[in-house]
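Worksheet: one structure, shown below.
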Amino acid sequence: AGACPGKQKGGLVGSVRIIDLKIADNGETSPSTGTIDLEQPRWRTMRHSKRYLVGLSALLVLVVGGGVALGRALNKDDDLMEDTTPKSMDVILTEIRSLMQDYSIEAYIIPSVDAHNSEYISLHDRRYQYVTNFTGSAGTAIITLGKAALWTDSRYHLQAESEIDPAYWTLMKEGVPGVPTRDEWLLANLSPGAQIGTDPFLIASTEYERLGAVLAQRGYRLIALERNLVDIVWNNRPPQTAEELRPLGLAYTGQRASEKVQALRVILQENGANAIVIRLLNLRGSDIRYNPVFFAYLIVSHGNLHLFTNPDRINDTIRGHFETEGITVDVRDYRDILAGVEEYVRGGNRMIVSTACNQALYAAIPADQRIQQYSVVAKMKAVKNAVEASGMRRAHVRDGAAVVRYLHWLEQNVDGGNVTELSGAAMLHEFRRQQDMFVDLSFGAISAFGPNGAIVHYSPSEETDLPITRDGIYLIDSGGQYLDGTTDVTRSVHLGEPTAFQRECFTRVLKGFLSLASAVFPVRASGTVFDVLARKALWDVGLDYGHGTGHGIGSFLGVHEYPPSFVSNSASPSNQGVVENMFSSNEPGYYEPGQFGVRIEDIVQVVKATVPYDFNGRGALTFYSNTLVPIQQKLIDRALLSAGEIAQLNAYHRRVLEEVGPLLMQQDDQDAFQWLTEATKEIVVS
């Protein structure tokens with residue numbers, strides 16, 4: 001949604017997030033193992049203290065540059081505190097630092113993800129928001145005994161400045177010259193031989209090993225703590241969600257779960273593996289807002305399927321769904337996942353793990369039984385089948401009608417003085433709600449007027465809510481979750497008279513947008529190619545934007561999924577190469593701090609192209625724009641567009657009118673249809 005992060009961000013997808021595992025239940029021991037006492041720090045904020053017994057087979061021990069990782073139990077809530085009164089920032093940091101001293105660490109790392117490496121997380125998992133007040137979806141906080149710093153990328157620089165308290169936190173703007181990296185800052189702020197702690201469930205195994213090696217070279221140790229320090233001090237933490245599940249039928253998925261399981265078992269066979277932890281049951285949930293996913297693990301072996309989730313939600317409807325899908329599923333409690341994995345590991349079986357797997361679970365599987373590779377399921381679901389691709393197109397027609405009705409409504413009501421960023425977003429939500437198969441939004445709308453538009457992932461609130469007027473650019477980035485597809489669209493409009501500079505910026509963004517949309521390229525072309533195409537017109541005059549150009553998107557799943565990924569970093573793990581029936585955003589932009597932001601975003605589908613030489617048989621591809629919303633012509637400086645670009649825009653607008661117009665008439669909104677007719681009028685080349 002909005003500007004893509006430009007890096008792999010997983011999230012639970014469909015039914016389960018891919019992750020790989022092993023640890024025993026907290027305070028319980030396996031009958032077949034011995035026990036070992038882990039020293040319990042002196043808790044200063046808990047009602048009582050106790051020792052934890054952990055099975056020897058559950059103890060995570062991984063030496064990384066001298067650092068020893070100690071395991072902790074999965075999904076066991078920390079002891080509740082009697083006083084749930086919200087704490088001040090001073091108290092939060094003081095208590096965390098006290099715990100750091102108990103654990104003999106000088107720095108504590110708090111990532112922005114959950115145990116499933118999700119970008120969008122539940123309220124229960126927003127630890128770094130609790131300690132920093134920063135609400136962006138990407139960042140890393142590091143607390144030392146005397147300092148605290150927050151790193152985030154350029155999408156969130158302005159937002160973070162307005163949300164964190166500089167009396168307690170230093171903002172580190174990633175990508176800005178002179179700003180130290182997390183590695184550099186740690187190395188400059190630690191005493192000789194210091195230990196650095198983190199929660200092993202919240203850091204990817206690849207990052208844990210990389211950082212551990214960097215620190216070890218200077219004599220420091222990275223330690224995975226048995227408990228999350230934020231959880232200990234978070235006295236009013238929201239409970240974890242476990243909402244009802246929604247079966248998704250063959251009419252939407254195009255493939256039964258049994259077929260997906262069989263495809264995975266072929267991959268297991270090819271890799272000499274016995275099991276994989278994955279998600280593919282054609283189920284949806286709502287445990288994370290705007291994301292139709294639920295907390296679960298699924299172990300797929302050659303003969304069995306073991307689903308680990310809250311058993312209470314596996315009702316007769318879900319059991320009937322399993323039968324319809326042709327699968328037999330053993331349902332077990334979410335917290336039993338580690339015992340389930342141990343059953344495979346004990347027998348010497350090999351398991352496939354993802355490169356995004358968190359450190360705790362990665363380290364729990366013996367190295368000689370572990371096969372690590374880029375997520376198998378991420379690559380599978382990135383390529384939509386024919387039913388999914390068709391559903392995505394239909395969903396975008398209905399979504400286009402909703403956005404067109406909103407833009408028409410906005411034009412009619414802006415002069416009343418009562419339309420604000422929040423009320424506008426609410427009206428757009430209502431127009432979407434009226435569409436067939438609508439389930440929810442795909443993310444909270446980035447409804448941003450004037451200077452707020454320069455905050456790439458701005459989220460309007462009661463404190464920041466600006467009226468929308470004719471005196472500036474209004475950027476609206478939004479999307480919907482429909483049973484047959486997920487949408488994400490951005491349009492920037494000026495309801496008055498834009499300045500020459502605003503028109504130039506918008507037009508250069510448009511040129512990049514059109515260049516990417518019309519590209520012809522070989523199969524498995526790198527996403528970096530498209531990133532350059534989208535930026536060139538801006539680069540020609542020394543302008544740029546600080547986010548990625550394209551992110552993958554799910555089919556009634558996550559609005560940010562990978563692959564594909566159109567970013568400047570060719571080494572990005574999600575840059576897997578582009579193939580037919582991948583879907584991506586196309587979203588260049590430009591942001592003038594304190595004044596305005598412009599972004600144009602469509603969801604494009606990778607389709608076959610016909611060219612004379614077909615890249616020597618490699619195969620040619622191009623893009624098909626699924627999004628069907630007109631691009632405001634008032635903001636275009638036509639002198640900057642070539643005849644070919646004007647023809648391309650005219651052709652797009654004809655298709656918008658042809659596909660969305662009839663639906664508007666069917667919905668008896670003739671006024672919106674007339675508005676659309678005007679908005680898509682052909683630009684005549686003089």
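The values are calculated or read from the model by the stated rules, or taken from the named source; none is laboratory data. Keep in mind it's a predicted model, so treat the numbers as computed, not measured. For neighbour counting, all protein chains shown are included, and Cβ atoms are generated from backbone atoms with ideal geometry for every residue, glycine included. Heads up: the accessible areas ignore ligands, DNA and RNA and are worked out on the full protein's heavy atoms, side chains in. Shrake-Rupley method; radii C 1.70, N 1.55, O 1.52, S 1.80 Å.
Residues that are open to solvent by less than 50 Å² (accessible area, probe 1.4 Å) and not hydrophobic (A, V, I, L, M, F, W, C) were ranked within the range 253-264; the one that is nearest to GLY320 (Cα to Cα) is SER258. When you check GLY417 against the structure, is it over 25 Å from the mean Cα position of the chain (by Cα) and on the phi > 0 side of the Ramachandran plot, yes or no? Yes; evaluated as a whole, the condition is true for this residue.
Would you check which residues across the range 418-459 are basic (Lys, Arg) and either crowded, with 18+ Cβ neighbours inside 10 Å or in contact with a Ser or Thr (Cβ under 7 Å, 6 or more places away or on another chain) (or both) and list them? ARG432 - this is the single residue of the range 418-459 that is basic (Lys, Arg) and either crowded, with 18+ Cβ neighbours inside 10 Å or in contact with a Ser or Thr (Cβ under 7 Å, 6 or more places away or on another chain) (or both).
Condition check: among the polar types (S, T, N, Q), within 18 Å of ALA378 (Cβ to Cβ) and touching a residue at least 24 places away in the same chain (Cβ under 8 Å). Does ASN310 satisfy that?
Numbers: among the polar types (S, T, N, Q): yes; within 18 Å of ALA378 (Cβ to Cβ): no; touching a residue at least 24 places away in the same chain (Cβ under 8 Å): yes.
Spelling it out, it is not the case that ASN310 is among the polar types (S, T, N, Q), within 18 Å of ALA378 (Cβ to Cβ) and touching a residue at least 24 places away in the same chain (Cβ under 8 Å).
In this structure, GLY594 does not satisfy being open to solvent by less than 10 Å² (accessible area, probe 1.4 Å) and under 27 Å from PRO498 (Cβ atoms).
Just give me the residues in the range 132-148 being among the polar types (S, T, N, Q) and under 21 Å from ILE105 (Cα atoms), in sequence order.
Filtering the range 132-148 for residues among the polar types (S, T, N, Q) gives 132-133, 135, 137, 140, 144.
THR132, THR140, THR144 - these are the residues of the range 132-148 that are among the polar types (S, T, N, Q) and under 21 Å from ILE105 (Cα atoms).
The residues of the range 526-544 that are open to solvent by 10 Å² or more (accessible area, probe 1.4 Å), in contact with a strand residue (DSSP E or B) (Cβ under 7 Å, 6 or more places away or on another chain) and in contact (Cβ under 8 Å) with a residue 24 or more places away in the chain amount to a single one, LEU543. Applying the condition of being surrounded by 23 or more Cβ atoms within 10 Å (Cβ to Cβ) and of a type in the set (A, V, I, L, M) to the range 558-580 and asking which residue is nearest to ARG289 (Cα to Cα) yields VAL559. Scanning the range 102-109 finds one or more residues that are of a type in the set (Phe, Trp, Tyr), in contact with a Gly (Cβ under 9 Å, 6 or more places away or on another chain) and either open to solvent by 40 Å² or more (accessible area, probe 1.4 Å) or part of a loop (DSSP other than H, G, I, E, B) (or both). Search the range 351-396 for residues being under 19 Å from the mean Cα position of the chain (by Cα) and of a type in the set (Gly, Ala, Ser), and hand back the single one that is farthest from GLY212 (Cα to Cα). The qualifying residue farthest from GLY212 (Cα to Cα) is ALA382. Under the condition of being in contact with a helix residue (DSSP H, G or I) (Cβ under 9 Å, 6 or more places away or on another chain) and hydrophobic (A, V, I, L, M, F, W, C), which residue from the range 415-441 is farthest from PRO662 (Cα to Cα)? By that ranking, first place goes to VAL419. Of the residues making up the range 483-506, those that are closer than 12 Å to VAL598 by Cα, part of a strand (DSSP E or B) and not polar (S, T, N, Q) are ARG491, VAL493, HIS494.
Scanning the range 314-341 for residues that are more than 17 Å from ARG256 (Cα to Cα), in a helix (DSSP H, G or I) and open to solvent by 20 Å² or more (accessible area, probe 1.4 Å) yields ASP316, TYR334, ARG335, ASP336, ALA339. Only one of the listed residues (TYR474, TYR458) is out of contact with any Lys or Arg (no Cβ under 6 Å at 6 or more places or on another chain) and outside any loop (DSSP other than H, G, I, E, B). That residue is TYR474.
Of the residues making up the range 223-267, those that are under 16 Å from ASP114 (Cα atoms) and within 22 Å of the chain's Cα centre (by Cα) are PRO238, PRO239, GLN240, THR241, ALA242.
Residues in the range 184-210 that are over 20 Å from ASN358 (Cβ atoms) and among the charged types (D, E, K, R): GLU184 only. Taken over the range 408-456, residues that are under 19 Å from ASP471 (Cα atoms), without any contact (Cβ under 8 Å) to a residue 40 or more places away in the chain and among the charged types (D, E, K, R) amount to 0.
A quick yes/no check of all residues on (1) assigned to a helix (DSSP H, G or I); (2) hydroxyl-bearing (Ser, Thr, Tyr); (3) more than 25 Å from GLY485 (Cβ to Cβ):
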| site | (1), (2), (3) |
| --- | --- |
| ALA360 | yes, no, yes |
| GLN372 | no, no, yes |
| MET380 | yes, no, no |
| MET392 | yes, no, no |
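Within the range 565-582, the residues that satisfy the criterion of being within 24 Å of GLU388 (Cβ to Cβ) and among the hydroxyl-bearing types (Ser, Thr, Tyr) are SER565, SER574. ASP415 meets all of the listed conditions (1) farther than 27 Å from ARG655 by Cβ; (2) out of contact with any Ser or Thr (no Cβ under 9 Å at 6 or more places or on another chain) but one, namely (2).
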